[in-house]
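Trainee: Mind having a look at this structure? Questions to follow.
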Amino acid sequence: MKPVLKALSVVALIALFAGLALLIRRTEPTRRESTFFPMGGIPFKVVAYGRTQEEFAADMEAVRTRVADLEMRFNRHMPASELSRINAVIPGEPIEISPDMKRIVSLSMDWHEMSGGAFEPSITPLIALWKEAGKAGRLPDEGELEKARARVGLDKVRISGDRLRFEGEGMMLDFGAIAKGLMIDEVANLLMRRGVARGVIDAGGNGLAFGGGRFRFGIQDPTAERGRLMGAIDVIMGGVVTSGSYERYVTIGGRRYSHIIDPRTGMPVENGMIAATVVGGTGAGADALATTLMILGRNRGIELIKRLGQYQALLVTEGAEGPTAWVSTGLAPRLVLTKEWSDRVRLF
């Protein structure tokens, strides 16, 4: 067992955390909590400290309004959303965009560059191709892959002032790998402006701690059934996001293919990565980085984490001798793992 990591038995850990994915101390008398279900039923949980019941009720009304507004901007599955209008625009024709849209596109461009193209919000044509292939029970042929790849590329998206345009045919943006992270950032900023001392937000597994204090987030075991934890992380400030290939996939010819597509190849990732948990920075950054690490794989992912500095990570890979947990040294002192997982840790 690694000396820098504490270990608990599976039974003790589950008993301690009661199977919850997000775990927060409940000792303060002014702790307020509320959950609502936007974005097609995703649980959006807000925990705030230092508020009266009346203040918190008003806070939650403001939060629900802000989340609904952002969903109407970023959700490409809503026909009336701002993103749906953008995706319907004729190539070369500029369209006016909101400040929120400009921000998410700009952030996406930053992460696209930092990741060497691994983070790619214009990947929708490739995702659609693989979904259709899964339904048909066959692999896409090279011609189909080439056609879909030609429609992908954030370098063909241009922003000038408050206008955006596509420079390629058949392009579509999808912010599924960053939108929830940005939304929890926006909610945290809103709550702090309203006077919330500190708190936690969890949007369907995308977590963010703000305002100081110590909060404990559970980590799903990517090799086990939902609700079984491999451990927990203590967080003071920043995002906590996990991306994985263990729940969503397509099966073709009896073989599973990950739902995570490498935009550089057009193929589902097959690099040994099972899950990536990112801690620190912003919610949007942790969200984008978690997906990026799944695409880059262990070695290049570790290089990126070391280069960025403000983020820490837990990577789970598969191998001949079973799964391995790769833990950044800055995260290790705040990480509690089950005995099963603590014996599989490698630090980087």
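Quick grid of which residues meet (1) on the phi > 0 side of the Ramachandran plot; (2) at pLDDT below 95; (3) within 17 Å of the chain's Cα centre (by Cα):
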| position | (1), (2), (3) |
| --- | --- |
| Leu23 | no, yes, no |
| Ala58 | no, no, no |
| Leu70 | no, no, yes |
| Met101 | no, no, no |
| Glu113 | no, no, no |
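Trainee: Being in a strand (DSSP E or B) and touching a residue at least 24 places away in the same chain (Cβ under 8 Å): is that true of Gly213 here?
Mentor: Considered against the rule, which asks whether it is in a strand (DSSP E or B) and touching a residue at least 24 places away in the same chain (Cβ under 8 Å), Gly213 comes out as no.
Trainee: With respect to Asp202, is the statement that it is surrounded by 18 or more Cβ atoms within 10 Å (Cβ to Cβ) and closer than 17 Å to Ile127 by Cα true?
Mentor: In short, no.
Trainee: Hey, which of the helices (runs of 4 or more DSSP H) in the range 34-140, taking only ones fully inside, have at least 3 residues that are among the aliphatic types (A, V, I, L, M) and not assigned by TED's automatic domain parsing to the domain that holds Gly285?
Mentor: Counting at least 3 such residues, we get 53-74, 99-114, 124-136.
Trainee: Would you call Arg158 among the basic types (Lys, Arg), surrounded by fewer than 20 Cβ atoms within 10 Å (Cβ to Cβ) and outside any loop (DSSP other than H, G, I, E, B)?
Mentor: Against the criterion (among the basic types (Lys, Arg), surrounded by fewer than 20 Cβ atoms within 10 Å (Cβ to Cβ) and outside any loop (DSSP other than H, G, I, E, B)), Arg158 qualifies.
Residue-wise test of (1) of a type outside the set (A, V, I, L, M); (2) in contact with an Asp or Glu (Cβ under 8 Å, 6 or more places away or on another chain).
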{"site": "Thr124", "(1), (2)": "yes, yes"}
{"site": "Gly134", "(1), (2)": "yes, no"}
{"site": "Arg149", "(1), (2)": "yes, no"}
{"site": "Val152", "(1), (2)": "no, yes"}
{"site": "Ser160", "(1), (2)": "yes, no"}
{"site": "Arg165", "(1), (2)": "yes, yes"}
{"site": "Phe175", "(1), (2)": "yes, no"}
{"site": "Arg194", "(1), (2)": "yes, yes"}
{"site": "Arg198", "(1), (2)": "yes, no"}
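Trainee: Given the conditions (1) within 19 Å of the chain's Cα centre (by Cα); (2) modelled with pLDDT of 95 or more; (3) surrounded by fewer than 20 Cβ atoms within 10 Å (Cβ to Cβ), and given that Val89 satisfies all but one, which numbered condition is not satisfied?
Mentor: Here Val89 clears every test but (1).
Trainee: To continue, here is another question. For the range 150-200, name all the residues that are over 27 Å from Val89 (Cβ atoms) and free of Cβ contacts under 8 Å to residues at least 12 places away in the same chain.
Mentor: Asn189, Arg193
Trainee: Still on this structure, please answer the following. If we keep just the residues of the range 232-270 that are buried (at least 18 other Cβ atoms within 10 Å of the Cβ) and of a type in the set (S, T, N, Q), which is modelled with the lowest pLDDT?
Mentor: Only one residue fits best here, namely Ser245.
Trainee: Here's a follow-up. Tell me which residues, restricted to the range 56-84, are over 17 Å from Phe36 (Cα atoms) and surrounded by 15 or more Cβ atoms within 10 Å (Cβ to Cβ).
Mentor: Arg73, Phe74, Asn75, Arg76, Met78, Ser81, Glu82, Leu83, Ser84
Trainee: Could you tell me whether Ala313 is without any contact (Cβ under 8 Å) to a residue 60 or more places away in the chain and under 16 Å from the mean Cα position of the chain (by Cα)?
Mentor: Answer is yes for this residue.
The values are calculated or read from the model by the stated rules, or taken from the named source; none is laboratory data. Here the structure is a predicted model, which means the values were calculated and not measured. Counting neighbours? That spans all protein chains shown, and the Cβs are built from the backbone with ideal geometry, glycine included.
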